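Everything on this sheet refers to the single structure shown next.
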Amino acid sequence: MSIIKLHDKYFKTYITAEKIAEAVHILVEQVSKDCKNDTPLFIGVLNGSFMFVADFIRQYKYNCEVSFVKLASYQGTNSTGKIKQLVGNNENLEGRTVIILEDIIDTGNTLEEIYKIFKDKNVKQLKIATLFFKPDVFKKELPIDYIGIPIPDKFIVGYGLDYNGIGRNLADIYQLTSKPTMKNILLFGPPGVGKGTQADRLKEKYNLIHISTGDVFRSHIKKESELGILAKSFIDKGNLVPDDVTIKMLKSVVNNVPDSSGIIFDGFPRTEIQAKTLDEFMEEKGETIGGMIAIEVPTNLLVSRLLERGKTSGRLDDQDENKILNRFNEYFTKTAVLKEYYRAQNTYYGPGNTVLKQQFL
Ligand code: ADP
């Protein structure tokens, strides 16, 4: 789950782009079945429906025409009940099959207006297809022929829908949520890149708790605890500690941190399973990962840095070039993919992506 800020409000992921694509696909199949022998005129209701219409039309394989009308009933996050027709439809609709493509139907005020507009146009048939539908607030006795995804009465944004003008470009659908109270950050990058050093700076500046999974493992190794003995057998070879062991340890550390403004995760997650588990774990706590900050340094510099650190750190895994190379191998095969994982959530902050920076720190 990711939380974004639009104007003054916070929104969390609600319906993923994949789920939306599935719903659009089913709508296209239903409409195709009913209309393939006609040349229907699809009319999108602007602005919100532009993305839905584009995706819908791209998949519709039979002859069709496309047009738009523009109506408006929303201001802020509440339906005002007042509808204005801003751009009308001038085509000759007599005898045509007209299919209205709506992004969302809630109270039905817009829908009522649409029915009024088409009442005296002598169309052959008028059908309504909506991607989202709020059955709990729909108050009209008007037919809706095709419904994509019914949703409860929550304000949503994304995939064409906006909150006071912004948010239409988001690929997923987000819903209103309360302001997250913690600023949780993941520090990401290969061994030796300086995650620990940057964590020290960030924790001072933002009053955060720093959790380094490597440090936690090392303190267990020092104590010769059961976990330490197990972890050592992996760490000394430069291998990752198994997910189940690491996740259990991480959860217990997080559950015992004192109240703070947030947590810096340094060295976690390192696999996709760890990333998914962390998302679920944060969600259970009503929290989220604000961002993954990726630090990059050319790999050839890192090996010499680590060997240098090994001279004083006492870390066996920093003293042997083969072990260091194995850690890089673990990083590039298991951890590097997480960049895409967080990029997909819009929470990746690193080289090549600064877009959302202002919304984060
Ligand atoms: P570095 O980033 O320099 O590799 P760390 O102190 O972060 O050093 O980690 C040291 C070792 O601890 C890793 O090589 C790995 O064996 C183990 N480790 C740390 N975090 C994780 C994790 N999230 N999953 C699995 N193993 C981990």
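The values are calculated or read from the model by the stated rules, or taken from the named source; none is laboratory data. As the structure is a computational prediction, the values presented were derived from the model and not from experiment. Neighbour counts run over all protein chains shown; Cβ positions are idealised from the backbone, glycine included. All accessible areas refer to the heavy atoms of the entire protein, side chains included, with ligands and DNA or RNA removed. Shrake-Rupley method; radii C 1.70, N 1.55, O 1.52, S 1.80 Å.
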Worksheet entry | region 17-58 - residue that is polar (S, T, N, Q) and surrounded by 14 or more Cβ atoms within 10 Å (Cβ to Cβ) and, of those, nearest to ALA344 (Cα to Cα) | SER49
Worksheet item: Of these, TYR74, TYR115, which one is over 28 Å from LYS12 (Cβ atoms), modelled with pLDDT under 95, among the aromatic types (Phe, Trp, Tyr) and open to solvent by 30 Å² or more (accessible area, probe 1.4 Å)?
Response: TYR115
Worksheet item: What residue, among those in region 330-342 that are out of contact with any strand residue (DSSP E or B) (no Cβ under 7 Å at 6 or more places or on another chain) and in a helix (DSSP H, G or I), is farthest from VAL303 (Cα to Cα)?
Response: TYR341
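Listed here are the residues, each with its yes/no results for (1) closer than 26 Å to LEU208 by Cα; (2) within 18 Å of the chain's Cα centre (by Cα).
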| residue | (1), (2) |
| --- | --- |
| GLU283 | yes, yes |
| SER313 | yes, no |
| ASP317 | no, no |
| GLY350 | yes, yes |
Worksheet item: Is it the case that some residue within region 134-147 is under 17 Å from the mean Cα position of the chain (by Cα) and surrounded by fewer than 19 Cβ atoms within 10 Å (Cβ to Cβ)?
Response: no
Discussion item. Can you list the strands (runs of 3 or more DSSP E) lying wholly within region 172-218 that have 2 or more residues being basic (Lys, Arg) and within 24 Å of GLU280 (Cα to Cα)?
Written reply: none
Response to the item:
Exactly one of GLY167, GLY192 is touching a Leu at 6+ places or on another chain (Cβ under 6 Å), among the small types (Gly, Ala, Ser), more than 27 Å from VAL31 (Cα to Cα) and open to solvent by less than 10 Å² (accessible area, probe 1.4 Å), and that one is GLY167
Worksheet item: Would you pick out the residues in region 190-206 that are in contact with a Lys or Arg (Cβ under 9 Å, 6 or more places away or on another chain) and away from the ligand (no atom under 12 Å from the Cβ)?
Response: TYR206
Discussion item. Residue under question is LYS12, and the condition is that it be open to solvent by 20 Å² or more (accessible area, probe 1.4 Å) and either farther than 30 Å from ASN164 by Cβ or assigned to a helix (DSSP H, G or I) (or both); does it hold?
Written reply: no
Worksheet item: In the list VAL241, VAL253, VAL297, which residue meets the criterion of being in contact with a strand residue (DSSP E or B) (Cβ under 6 Å, 6 or more places away or on another chain), among the aliphatic types (A, V, I, L, M) and more than 25 Å from THR13 (Cβ to Cβ)?
Response: VAL253
Item to complete: Return yes when ILE173 is of a type outside the set (Asp, Glu), away from the ligand (no atom under 16 Å from the Cβ) and touching a residue at least 60 places away in the same chain (Cβ under 8 Å) and no when it is not.
Response: yes
Worksheet item: Which condition number in (1) in contact with a Lys or Arg (Cβ under 8 Å, 6 or more places away or on another chain); (2) hydrophobic (A, V, I, L, M, F, W, C); (3) crowded, with 20+ Cβ neighbours inside 10 Å is the one that LEU176 fails?
Response: (3)
Worksheet, complete the sentence: When ASN184 is run through (1) within 16 Å of the ligand (Cβ to nearest atom); (2) within 30 Å of LEU316 (Cβ to Cβ), the failure sits at (2)
Worksheet, complete the sentence: Log entry, pairs with first residue in region 210-237 being touching a residue at least 40 places away in the same chain (Cβ under 8 Å), second being part of a helix (DSSP H, G or I) and near the ligand (Cβ under 10 Å from one of its atoms), beta carbons closer than 7 Å, six or more apart or on different chains, reads SER212/GLY196; THR213/THR246; THR213/LEU250; ILE235/PHE217; ILE235/ASP317; ASP236/ASP317; LYS237/LYS323; LYS237/ASN326
Item to complete: Find the helices (runs of 4 or more DSSP H) located wholly in region 227-329 whose residues include 2 or more that are open to solvent by 40 Å² or more (accessible area, probe 1.4 Å), more than 13 Å from the ligand (Cβ to nearest atom) and not small (Gly, Ala, Ser), and list them.
Response: 272-284, 299-313
Worksheet item: Taking region 36-55, which residues are touching a strand residue (DSSP E or B) at 6+ places or on another chain (Cβ under 6 Å) and part of a helix (DSSP H, G or I)?
Response: PHE52, VAL53
Item to complete: Could you tell me which numbered condition ASN63 fails, if it satisfies all but one of (1) touching a Lys or Arg at 6+ places or on another chain (Cβ under 8 Å); (2) open to solvent by 70 Å² or more (accessible area, probe 1.4 Å); (3) not in a helix (DSSP H, G or I)?
Response: (1)
Practice prompt. Hey, can you tell me all the residues within region 218-272 that are more than 23 Å from the chain's Cα centre (by Cα) and at positive phi?
Written response: GLU224, GLY238
Practice prompt. Among residues belonging to region 197-209 that are closer than 25 Å to VAL303 by Cβ and open to solvent by 30 Å² or more (accessible area, probe 1.4 Å), point out the one that is nearest to the chain's Cα centre (by Cα).
Written response: GLN198
